[in-house]
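Enquirer: To start, I am sharing the structure in question, which I have written as structure tokens.
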Amino acid sequence: MRIITDERCTGYSHPGHPERSERIIATWERLRSQTELPITWSEPSPCDDAAILRAHDPEHLARLTRLEDFDEDTPAYPNLADYARASVAAALDALKAARAGETAFSLMRPPGHHATRNRAMGFCYLNNVAIAALEALATGAKRVAVFDFDVHHGNGTESILLNKPDCAFFSIHQFPCYPGTGTRNRGDNCFNFPVLPQIARGEYLHVLSSALEQLESFKPGLVAVSAGFDSYARDPLAQGSLEAEDFYWLGQSLRSLGVPLFSVLEGGYSADLPELILAYFKGVEGK
Ligand SMILES: [Zn+2]
């Protein structure tokens with residue numbers, strides 16, 4: 001497992017905000033103290049704006065440098081554009097590693113799946129996974145699937161990838177919940193799987209299985225994963241019902257597709273986040 005991460009992603013914070021540096025710091029500690037999984041650590045390479053501009057308007061990229069909050073959830077920070085670019089760069093490096101035959105995970109913040117072409121929202125500024133999916137398509141990938149198991153709908157990814165040829169998006173998320181979208185499929189290629197708050201765990205797993213089956217029938221040559229761990233039963237931000245072993249199962253199921261695979265961190269706000277990420281890694285690595 002290659003993990004792409006960087007001290008810089010813990011360099012900004014907002015008092016009381018759930019999307020905080022400790023998420024990453026605690027995960028580094030857990031992963032460094034474990035001996036079951038061999039891990040190769042790397043830092044994100046510099047990132048070229050051309051890749052970002054396939055998914056976002058230039059005005060949006062420029063807006064990241066203005067010290068003015070986007071909304072209550074999504075504050076402005078000094079040097080935010082650099083943090084957001086580093087998170088994109090890590091997703092692009094994860095894509096490269098997947099193509100070179102490795103399994104890869106971008107362990108960075110800010111997350112990205114709520115960011116639309118011209119709007120930062122829901123703790124997200126640049127859409128890391130959509131940028132990486134478009135980069136894959138622009139550089140020879142034949143069919144790219146994005147699988148989003150964050151408990152919140154990946155509205156930004158959906159809006160960026162909507163009706164893009166050779167690309168499909170699958171999101172499994174709680175509804176009703178933030179951001180209030182994702183109740184039905186959209187266009188030719190965006191497939192939504194809403195689950196009710198406090199749904200029984202077995203039913204949540206059943207919906208995830210259905211989504212994975214549909215993803216498989218799309219016959220992707222590459223799978224990008226928006227890995228959000230806030231569908232965990234004890235996450236403070238939603239009412240999901242998954243347990244650590246279910247993230248193991250998700251990793252294993254994605255591995256069993258037998259195609260290049262990389263994941264980027266989205267949400268996950270409980271103190272158990274490091275254990276959930278480790279469980280997912282073990283599944284992805286078949287341990
Ligand atoms: Zn989320």
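Enquirer: Does LEU250 meet the test of being open to solvent by less than 10 Å² (accessible area, probe 1.4 Å), assigned to a helix (DSSP H, G or I) and in contact (Cβ under 8 Å) with a residue 40 or more places away in the chain? It would help to see each step written out before you state the result.
Expert: Details: open to solvent by less than 10 Å² (accessible area, probe 1.4 Å): yes; assigned to a helix (DSSP H, G or I): yes; in contact (Cβ under 8 Å) with a residue 40 or more places away in the chain: yes.
In short, yes.
Enquirer: Give segment 62-81 a look and list any residue that's in a helix (DSSP H, G or I), over 14 Å from MET121 (Cα atoms) and over 19 Å from the mean Cα position of the chain (by Cα), or say none.
Expert: ALA62, the sole residue that qualifies.
Enquirer: Please find, within segment 151-165, the residue that is nearest to the ligand (Cβ to nearest atom) out of those that are β-branched (Val, Ile, Thr) and under 23 Å from ALA238 (Cα atoms).
Expert: If we take residues in segment 151-165 being β-branched (Val, Ile, Thr) and under 23 Å from ALA238 (Cα atoms), then VAL151 is nearest to the ligand (Cβ to nearest atom).
Enquirer: Quick one: how many residues across segment 126-150 are more than 15 Å from the ligand (Cβ to nearest atom) and in a loop (DSSP other than H, G, I, E, B)?
Expert: The total comes to 6.
Enquirer: If you don't mind, another one. Note down all Cβ pairs under 6 Å where the first residue falls in segment 149-161 and is over 16 Å from LEU137 (Cβ atoms) and among the small types (Gly, Ala, Ser), the second is within 12 Å of the ligand (Cβ to nearest atom) and not in a helix (DSSP H, G or I), and they're at least six residues apart or on different chains.
Expert: Partner pairs satisfying both residue conditions: GLY154/HIS113; GLY154/ASP148; GLY154/SER171; GLY154/SER226; GLY156/HIS113; GLY156/HIS114.
Enquirer: OK, next. With the condition kept exactly as written, say whether any residue in segment 217-233 is without any contact (Cβ under 8 Å) to a residue 24 or more places away in the chain and closer than 29 Å to VAL88 by Cα.
Expert: Yes, some residue in segment 217-233 is without any contact (Cβ under 8 Å) to a residue 24 or more places away in the chain and closer than 29 Å to VAL88 by Cα.
Enquirer: One residue is enough: does segment 98-112 have a residue meeting the conditions closer than 15 Å to ASP49 by Cβ and open to solvent by 10 Å² or more (accessible area, probe 1.4 Å)? Write out each step before concluding.
Expert: Our first condition is that a residue be closer than 15 Å to ASP49 by Cβ; within segment 98-112, this holds for none.
Within segment 98-112, none of the residues are closer than 15 Å to ASP49 by Cβ and open to solvent by 10 Å² or more (accessible area, probe 1.4 Å).
Enquirer: I would also like to ask the following. Going by the structure shown, is PRO78 out of contact with any helix residue (DSSP H, G or I) (no Cβ under 8 Å at 6 or more places or on another chain) and open to solvent by 10 Å² or more (accessible area, probe 1.4 Å)?
Expert: yes
Enquirer: Further question: Kindly indicate the residue of segment 238-247 that is in a helix (DSSP H, G or I) and more than 15 Å from the ligand (Cβ to nearest atom) and also most open to solvent (accessible area, probe 1.4 Å) among those meeting that condition.
Expert: Result: GLU245.
Enquirer: Follow-up question, since we're still on this one. Taking the condition within 16 Å of the ligand (Cβ to nearest atom), open to solvent by 20 Å² or more (accessible area, probe 1.4 Å), touching an Asp or Glu at 6+ places or on another chain (Cβ under 9 Å) and basic (Lys, Arg), does ARG255 pass? Walk me through it before giving the result.
Expert: Numbers: within 16 Å of the ligand (Cβ to nearest atom): no; open to solvent by 20 Å² or more (accessible area, probe 1.4 Å): yes; touching an Asp or Glu at 6+ places or on another chain (Cβ under 9 Å): yes; basic (Lys, Arg): yes.
When the stated conditions are applied, ARG255 does not pass them.
Enquirer: Scan segment 211-231 residue by residue and report those that are within 14 Å of the ligand (Cβ to nearest atom) and either within 15 Å of ALA98 (Cα to Cα) or open to solvent by 10 Å² or more (accessible area, probe 1.4 Å) (or both).
Expert: VAL225, SER226
Enquirer: Which of the residues spanning segment 258-280 are more than 16 Å from the ligand (Cβ to nearest atom) and either open to solvent by less than 20 Å² (accessible area, probe 1.4 Å) or of a type in the set (S, T, N, Q) (or both)?
Expert: LEU261, PHE262, PRO274, LEU278, ALA279
Enquirer: Could I ask something else about it? Does ASP235 satisfy being of a type in the set (Asp, Glu), within 16 Å of the ligand (Cβ to nearest atom), within 30 Å of ASP6 (Cα to Cα) and out of contact with any Gly (no Cβ under 8 Å at 6 or more places or on another chain)?
Expert: The answer is no for ASP235.
Enquirer: In segment 166-188, which residues are open to solvent by 10 Å² or more (accessible area, probe 1.4 Å), touching a residue at least 12 places away in the same chain (Cβ under 8 Å) and more than 16 Å from the ligand (Cβ to nearest atom)?
Expert: ASP166, ARG186, GLY187, ASP188, listed by residue number.
The values are calculated or read from the model by the stated rules, or taken from the named source; none is laboratory data. Computed from a predicted model, the values in this text were never measured in an experiment. Using ideal geometry, Cβ is built from the backbone for each residue, glycine included, and neighbour counts are taken over all protein chains shown. What goes into the accessible areas is simple: the full protein's heavy atoms, side chains included, and nothing from ligands, DNA or RNA. Shrake-Rupley method; radii C 1.70, N 1.55, O 1.52, S 1.80 Å.
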